[in-house]
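Here the structure is laid out as structure tokens; the discussion comes afterwards.
The values are calculated or read from the model by the stated rules, or taken from the named source; none is laboratory data. For clarity, every value in this text was computed on a predicted model and none was experimentally measured. Every residue, glycine among them, receives a Cβ derived from its backbone with ideal geometry; neighbour counts consider all protein chains shown. Each accessible area value is taken on the protein alone, full model and side chains, heavy atoms only, with ligands, DNA and RNA left out. Shrake-Rupley method; radii C 1.70, N 1.55, O 1.52, S 1.80 Å.
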Amino acid sequence: NSDIELYAGEAYCAELSTSCSFGLTTGQIWLGEVTYGLDRTCSGDSDCNQVCSSEVCDINGTKLCQESGMAQSNCCGNGICDFNENIFTCPADECAFECGVTTSCSTLTSTRQSRVSASVPSGLFFNVKALKDLAITKLKVQSGGAGSCVFRIYHRSGDFDGFQSSSQGWTLVVNSTATCQGSDSLTDLPDFSSVVAIDSGSNHSFHVYSPTGNGQAWENSATSVVGDLSSDNSDIELYAGEAYCAELSTSCSFGLTTGQIWLGEVTYGLDRTCSGDSDCNQVCSSEVCDINGTKLCQESGMAQSNCCGNGICDFNENIFTCPADECAFECGVTTSCSTLTSTRQSRVSASVPSGLFFNVKALKDLAITKLKVQSGGAGSCVFRIYHRSGDFDGFQSSSQGWTLVVNSTATCQGSDSLTDLPDFSSVVAIDSGSNHSFHVYSPTGNGQAWENSATSVVGDLSSDNSDIELY
């Protein structure tokens, strides 16, 4: 067709091992269907420009969208964690953050000797202040008693004062049962459902509520008032808060005149700290260390050109421009997919284990995702599909360079219908103008069917459209 060409191939009775052809003098035409997707085609620049990259349409060549490699500044809020964003610079795009993976995490524990825990459902509001950009990932609590208990944790930006009896602006990040340890040990609670990122210098508030009487413990300070500093380190400060007997509904304080100090442990992570630029530069971004300010690695926003091969699908890569980084490709999601079917009226299928080698040529950048086959008979069968770059000739009896992408049982439909096989374990990306070869092998006698052409020889065009050619 206009995308891909298939070529007459060679039937073989062995699977990439000893030389074992059938001694046929003409080409054998593989019978089946190729499913493939194209890179984005375009008729003008307006078809190409995405939210966070500058693309142009190569209308003089392949009519494909070409990345310019320069990210625009309007990425935050597009729902994608782009190359120059993280949980601190753009919380809205929910970049991954995990202690021990994204960064190491630290804790700050608030404990006192004198504790009070109400015997009725109760909780505590308290504020924190970030002294550096940080992300809070969980809280542990001290409980008033031991046994089964329930905790719910909410957070909101800014001070809690004025929002104790309203759910407005609060986000629930923990709603869990737990085994409360009593006042002598910390009670572990699950990680937050989404981390709480706080900018350096900003205040944030939490509401830790337990509907069970053995829940949250606090210290009723004899001297501090609400808003006094209660615990701190060089990263974060905790302030005396306010005990409450209702959960973001009616006003229900305990009428205490002093501040109540939350008892528990905060787990948090910082943005990458640095002492010089050498601490910051990553493989695919240009970063500098703001040594005059917060000593954090700062993205410059300019991607370097050495990203391919780092194992990450970066903002200017796709399955075609950098197959090594395994960018996602899925028909109907990444792009729409098409098919090219190769069928004939005259078919031959050997009654012994057999398969077929054949070549394809991509007329556009494309990714082949699966093959359907025509089988010589009906019933249970087994298929293995291999691929390699370039022509198969000279590699029929060697496994060198071949990659297995299907190894599956199937229910063969016989010669009147196509037999469906699973999607490839990894898509096969082929550059426009390049040749690629496939080996479809079945160890069962009712397996791969082919047409033994009376006129064509190996390498003759057998099927095509505007995207692909089969030989």
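Within region 431-471, the residues that satisfy the criterion of being acidic (Asp, Glu) and closer than 25 Å to LYS364 by Cα are ASP431, ASP460, ASP464, ASP467, GLU469. The residue pairs whose first member lies in region 1-19 and is in contact (Cβ under 8 Å) with a residue 40 or more places away in the chain and open to solvent by 10 Å² or more (accessible area, probe 1.4 Å), whose second member is aliphatic (A, V, I, L, M) and part of a loop (DSSP other than H, G, I, E, B), and whose beta carbons are closer than 6 Å, counting only pairs six or more residues apart or on different chains, are GLU10/VAL458; CYS13/VAL352. If I ask for residues that are farther than 25 Å from GLY414 by Cβ, at pLDDT below 90 and open to solvent by less than 40 Å² (accessible area, probe 1.4 Å), which ones from region 429-449 would you list? Listed by number, the residues that qualify are ALA429, ILE430.
Among the residues here, ASN452 does not qualify as open to solvent by less than 50 Å² (accessible area, probe 1.4 Å) and within 21 Å of THR343 (Cβ to Cβ).
Here region 182-202 is the region considered, the condition is being of a type in the set (A, V, I, L, M, F, W, C) and under 15 Å from SER148 (Cα atoms), and the residue that is modelled with the highest pLDDT is LEU189.
Within region 412-426, being open to solvent by less than 40 Å² (accessible area, probe 1.4 Å) and part of a loop (DSSP other than H, G, I, E, B) holds for GLY414, LEU421, PHE424. Considering SER176, SER202, SER221, SER167, the condition of being over 34 Å from the mean Cα position of the chain (by Cα) and either of a type in the set (Ser, Thr, Tyr) or surrounded by 15 or more Cβ atoms within 10 Å (Cβ to Cβ) (or both) is satisfied by SER221 alone.
The residue pairs whose first member lies in region 122-133 and is over 11 Å from PHE160 (Cβ atoms), whose second member is open to solvent by less than 10 Å² (accessible area, probe 1.4 Å) and assigned to a loop (DSSP other than H, G, I, E, B), and whose beta carbons are closer than 7 Å, counting only pairs six or more residues apart or on different chains, are SER122/GLY215.
When the residues of region 105-149 are narrowed to those that are in a loop (DSSP other than H, G, I, E, B) and in contact with an Asp or Glu (Cβ under 7 Å, 6 or more places away or on another chain), which ends up modelled with the highest pLDDT?
Applying the first criterion (in a loop (DSSP other than H, G, I, E, B)) to region 105-149 yields 111-115, 117-121, 131-133, 144-145.
Then keep just the ones that are in contact with an Asp or Glu (Cβ under 7 Å, 6 or more places away or on another chain); that gives 112, 114-115, 131-133.
Details: ARG112: 70, SER114: 61, ARG115: 56, LEU131: 92, LYS132: 86, ASP133: 83.
Filtering region 105-149 for residues that are in a loop (DSSP other than H, G, I, E, B) and in contact with an Asp or Glu (Cβ under 7 Å, 6 or more places away or on another chain), the one modelled with the highest pLDDT comes out as LEU131.
Of all the numbered requirements in (1) small (Gly, Ala, Ser); (2) open to solvent by 40 Å² or more (accessible area, probe 1.4 Å); (3) modelled with pLDDT under 90, GLY394 misses one, and that requirement is (3).
For region 247-260, residues that are in contact with a Phe, Trp or Tyr (Cβ under 9 Å, 6 or more places away or on another chain), open to solvent by 10 Å² or more (accessible area, probe 1.4 Å) and on the phi < 0 side of the Ramachandran plot total 5. Here VAL266 meets the list (1) in a strand (DSSP E or B); (2) surrounded by fewer than 18 Cβ atoms within 10 Å (Cβ to Cβ) almost entirely, failing just condition (2).
Selection within region 351-385: residues that are open to solvent by 10 Å² or more (accessible area, probe 1.4 Å) and aliphatic (A, V, I, L, M). The member of this set that is modelled with the highest pLDDT is VAL382. Checking GLY162, GLY144 one by one, the residue that is surrounded by 18 or more Cβ atoms within 10 Å (Cβ to Cβ), over 13 Å from SER193 (Cβ atoms) and not aromatic (Phe, Trp, Tyr) is GLY144 and no other.
Take region 179-199 and flag every residue that is surrounded by 15 or more Cβ atoms within 10 Å (Cβ to Cβ), part of a strand (DSSP E or B) and either polar (S, T, N, Q) or within 30 Å of the chain's Cα centre (by Cα) (or both). Across region 179-199, the qualifying residues are GLN181, THR187, VAL196, ALA197, ILE198.
Collect the residues in region 359-394 that are assigned to a loop (DSSP other than H, G, I, E, B), in contact (Cβ under 8 Å) with a residue 60 or more places away in the chain and within 36 Å of the chain's Cα centre (by Cα), keeping them in residue-number order. Full working, then the answer.
Step one: of region 359-394, the residues assigned to a loop (DSSP other than H, G, I, E, B) are 363-365, 376-377, 390-394.
Of the ones still in play, those that are also in contact (Cβ under 8 Å) with a residue 60 or more places away in the chain are 363-365, 376-377, 392-393.
The answer is LEU363, LYS364, ASP365, PHE392.
The C-beta contact set for region 400-412 (first residue under 13 Å from GLY447 (Cβ atoms), second residue among the basic types (Lys, Arg) and open to solvent by less than 60 Å² (accessible area, probe 1.4 Å), distance under 7 angstrom, 6+ apart or interchain) comprises VAL406/ARG384.
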